[in-house]
Each structure stands twice: as structure tokens, then as C-alpha cells.
Amino acid sequence: MSIEIVKREINRFLEDSSPEVLAIRGAWGVGKTFAWNRFIEHAQNEQKIALKKYSYVSLFGINSLDVFKFSIFEQVIETNLIGTKPDLETFKTNANGILSSFGRKYIHLLKGIPFIKNANPALESISFLSLKNVIVCIDDFERKGSDLNVKDVLGLVSVLKEQKACKVVLILNDESFQDIDLEEFKKFREKVIDIEILFDPSPSECVEIALPNDDLVSNKLKEFCATLGINNIRIIKKIERIAHILKDYLSEYEPEITHQALHSLALFSWCFLAEGEHVPDPDWVKKIGYTMFGLSDEEATPQDKLWKSVLEQYGYQTTDEFDLVIALSVETGYVDEAKLQEEANKLNQQIIASKSESSFGDAWRLYHDSFDDNEDEVCQKIYESFKKNYQFISPMNLDGSVRLLRDLGRGKEADELIEFYIEKRKDSPKLFDLDDYAFSGDIKDKKIQEKFKEATETTKQQKSLREVLSNISGKNSWGGDDTEVLFSSTEDDYYNLFKSEKGEHLSRWINTCLKFGRFTNASDRDKKISESATNALIRIAKESRINARRVAKFGIKKEE
């Protein structure tokens, strides 16, 4: 049923003082309660509510009719207070109203009452009698306690209407009823319920209800949620909460950063929280690479192809490190500011570069956006743009470019780009370590894998003695690459290092070297490290009396 029809029916219900029962049905999470609250608040602002009192009660966990009755009384407020929650003062007002209506002989009931729920049995017993001409909203019908049966609830609803001249609204999801409760509900609904409406808003209607504001975040989320078909207001509100946090953190970056953050946030929230065969698995989305760019993937399953079509329709192509931070925010419920800004900084540089005339993204647009017979132009533009923008290009982008060139018979240019990339990015050696790269599974080109491995091993071999000791000093573990550097270093290397260093760290470094020979199960390689360092210290000790004293504190004498 259209949201406008539902709104019109609710407005009619509120404007008419005649007792009646209205049931609002709908699937879990579509926003039945949210919409009801919005509509009744709007009606109150327009002064179009016939009755003067209102009570909202959730049946969640309520196990007895007496508690249910008292809850209705306890939650009563004046309709001009709709939008606020009942408090101690409204409870006192309701209680005093009861006593004044029952006369002086009941005034003693209030003496000493602390005004808390279930404080006075006598007050509980007469509270229901005071209810009259009240709009009563009963929510979470299907989540009532197991000891409260449907027949009793509907019986009380009938009493409210027939004997108390109340207007009653039931908000429920009859698909969530237990079998016995559902049978009872079907049996008595015709006798009790006057009007029954199905709340089944479209995704675009849901976002208008959940996101009424006209700001940047709301407008973008309306577009993204509607495109994904999200009609669960609980999910939309969760997206909105994180979206505003992200916007505040990313306000200083290029606007494309915020756009990507909100675009990815809506997608990952949907994947994590929604259900359905067409909803992609979030882990699958986190791993997608250039298969989304049209590069062949013979291993794709029918499920992969379905999910891929969903993402293509949404305009989502690949997942990068920035997207992974957004996905983590959805999983954990909070935003890791340090990680977010680290990846935002990298992405921001790429976006600034992409706005240049020779942008890498523009070169790829020649490939994606037409069926022209322009192979030479595409390859040339990608090749040239790659070389101009290499500092902003990730290993995954390198792989996509290389594979395209190879598929089009340009293996020589592909190899040249690999060599060029490694040479130009050698100051960022961690870039080549695929074991530490989140999207290593997307690097399919064998030549890239081979060359990156060589570059990583060369970098490890080129570690200086100083770098290794600085890294492992004070630790109880180290890598095989570290011990290789220590083993390969000569006595002269140790001597030159010890003589050139100054500071508190020098003693820690020396002790680190010497302890290799003090292990109970020291290998020949361990002993060699210790011996080289010891011989260097003996040379230093022989240079002066003061250095002999300095070396002695490590348990080494120059006579050794």
C-alpha cells in the first residue's frame, strides 16, 4: 500500500473521535513504528487529533494482563506532549487524576507512594478504570511475553474500544507470530479490528521517511539506499549514524572522498545487515578486484555473476584500502579515525592527480565508455598516463593495466610498465610485499608476482646492520632476514657501527649482538654474530684506557 494512502488513513483515524481499532501490518524493519510516530507528531503539530490523551505501549516481554493494563495507564500523556516521553510528573498527574475522580476516601492511597511502577497494588487495580477517550498505540504485538496470550490482548483491546471509548492502534508483523498465536489472531481479528492496512513502502518512500532532512548526507544516502532497494528503516538509520561521523572526519578532503565513503557505507551496511540471494556476501565484496572492470574471470560462478550485476547497477567497481576501512566501521559499529585518515590521505592525492589533464582514470574511460575500434589509442593513452601518474597508482591498478596490454598483444609494453613502476616506487619497498597487501589475490599477472618478489627479497638483503639492530633491539623475536644481515656483517662492519653511534641505544644494540652467543642452543651462525661483535669491541678496548673500561662493562676484556 502506498505511503500516501497509509498517511491519509492514519490522519482520518486521528481526526475522528469515534472509538475504533486500526491495525498496521508490515514486515520487520520497514518502519511501521517510525512512520506512525512521524504521522501522529505531524497531526499534533497541525492540531488535528480529536482526543486529548495518548498512550504508547510496547508488548515486548510483557507477561500478564495486569502489567499490560497498568502500562497503558502509566504511559498516558496529553496529546500536546506527543513527541516527549512520559516521566515521573506525568505519572503523578495521572495518579492524582484517578484519586480526584474517585473521591476523598481514596486520597490516603497517595500518602507515601514513591511513584514508581507497581508501587501500590490499590493504585494498579483502579488505574485501568480511569482510562477513557485515549488513543492507545500497542506496538510489538508479536513480541509479547509467552504467558500473555493473543486472546486476552485482543479482549482488552475490545474493552478499550467498546467500554472506554478509546481509539486503538495495533502495530504488528503477523509473519513473526508463533503458530498458536497466529491461529488465535486470525480467529479474533475480524471481531476486534475495524481497519487493517498493510505498510509496505517502496525503497524511495522508506528513505523519505527515514531521512527527512535536505542536507548533503541525507540526499546522498537517499540516492544510494533507493538504488540498492533498502526498505528497512532500521538499516537506513544505522547507515545515517555512521555517515555523519564519516562526514565530519572527511570534511577537509576532496568532495569525492565523502562521496566514496557514503557510497561504500550504504553498500557494506546492506551486505552486512540485509538478507536475500541478491545481497552480495560482504567478504566477497571486500575482495573484488578487476573482475568488475571487465577483465575475464573464468572461475566466476552464477552467484558471482548475479552479485556482479547488482554492483554494476549500483556503480561499484572495485574495493580499495579506503573501502576496507568503511567496511570495518560497519562491522565494528565505530570509525577508526587514524586508519580512515591514513587511507583518505592516499586517496585524496590520487583524486587530485586524477583531475589533471593526463589522468589515469580518463585514459581508462576510453576503454570503458564506447565500442569504438580504438585499440591503439586506448593502449597508448593508458601507457602514457601510467608513466605520468605512477606515484598515485596502486599495485592492483598496475595489474589491471598490464593484463589489458597483454590481452591485446602488447606484452613488451606490459613488461616495461612493471620495470618502470618498480624503479620509480623503490622508495616505498613495502609496496612490493604482496604478503602484506590486502588485495594480493587480485594480482594475477605472473610477471608482476615474480618481479615484486625479487624486489622484496632485494630490499630485505639491503637492510643495513644499523636498521636491523634498531628494529630488533629489546625484542625477543626477529625474522630470518634480520639474522642474515647480522651473520653477513663483518667485524669491520660492527666496529664502524659501534664507533659511529652515540646515545643510550648503543648499549642495547651491543647486548643484542652478544646475546646470540649466549643462547644455550646457539647455532654456529649465532656464535659467529656474537664473535664478530666481540672482536670489534676488543679492537675498541685496545684504543684507550677509557674505552677498555667502557667495553669491560659488557664482560669483555681487551686481553681476550
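Remarks
- Counting protein heavy atoms only, the range 308-349 has 41 percent of its accessible area on carbon and sulfur, 1.4 angstrom probe.
- Where the alpha-carbon atoms of the range 408-560 are placed on the principal axes, they occupy 72, 31, 25 Å, in descending order.
- Cubic angstrom per residue, convex hull over Cα atoms of the chain: 272
- Hypothetical label at residue 37: residues of the range 218-236 whose amide nitrogen lies under 12 Å (7 Å Cα-Cβ projection): 234
- With 0.36 nm allotted per residue and the present C-alpha distance subtracted, the residue 272-residue 377 stretch has 33.6 nm of extension available.
- Estimated 222 nm signal from helices in the chain, with DSSP H stretches of n ≥ 4 weighted -39500 (n - 2.57), rounded to 500: -18000 deg cm²/dmol
- Sparsely packed loop sites in the range 372-470 (the trypsin sites (Lys or Arg not before Pro) outside DSSP H, G, I, E and B with at most 13 other Cβ atoms within 10 Å) comprise 426.
- For the range 156-169, backbone phi angles converted through the Karplus equation (6.51, -1.76, 1.60; θ = phi - 60°) give residue-by-residue couplings of 5, 4, 4, 5, 4, 6, 6, 9, 10, 6, 9, 9, 10, 10 Hz, Gly and Pro being listed as x.
- Summarising the amide proton neighbourhood of residue 134: residues at separation of 5 or more, or on other chains, whose placed amide H is nearer than 5 Å comprise 166, 167.
- Rolling a 1.4 Å probe over the heavy atoms of the protein chains gives the range 415-560 an accessible area of 61 Å² per residue.
- Distance in nm between pseudo-label sites at residue 544 and residue 518 (7 Å out along the Cβ direction from Cα): 2.6
- Among beta bridges from DSSP that stay inside the chain, the antiparallel ones total about 15%.
- The convex hull around the C-alpha trace of the range 405-445, projected and averaged over every direction, spans 3.2 square nanometres.
- Euclidean distance between Cα centres, the range 384-447 to the range 192-220, Å: 47
- Exposure of residue 509 as accessible area (Å², to 10), given a probe of 1.4 Å and all protein chains: 10
- Computed over protein heavy atoms with a 1.4 angstrom probe, the accessible surface ordering of 218, 18, 394, largest first, is 18, 394, 218.
- Computed over the chain: relative contact order in percent, which uses C-alpha pairs under 8 Å that are six or more apart: 10
- Computed over the range 162-258: relative contact order in percent, which uses C-alpha pairs under 8 Å that are six or more apart: 20
- The heavy atoms of residue 495 offer some 40 square angstrom of accessible surface to a 1.4 angstrom probe.
- Cubic angstrom per residue, convex hull over Cα atoms of the range 319-451: 126
- Placing dummy labels 7 Å off each Cα toward the beta-carbon, the span from residue 195 to residue 133 is 2.0 nm.
The values are calculated or read from the model by the stated rules, or taken from the named source; none is laboratory data. Predicted model, so just to flag it, every value in this text is computed and none were measured. Neighbour counts are summed over all protein chains in view; Cβ atoms, including those assigned to glycine, are modelled from backbone coordinates with ideal geometry. For accessibility, only protein heavy atoms count, side chains too; no ligands or nucleic acids. Shrake-Rupley method; radii C 1.70, N 1.55, O 1.52, S 1.80 Å.
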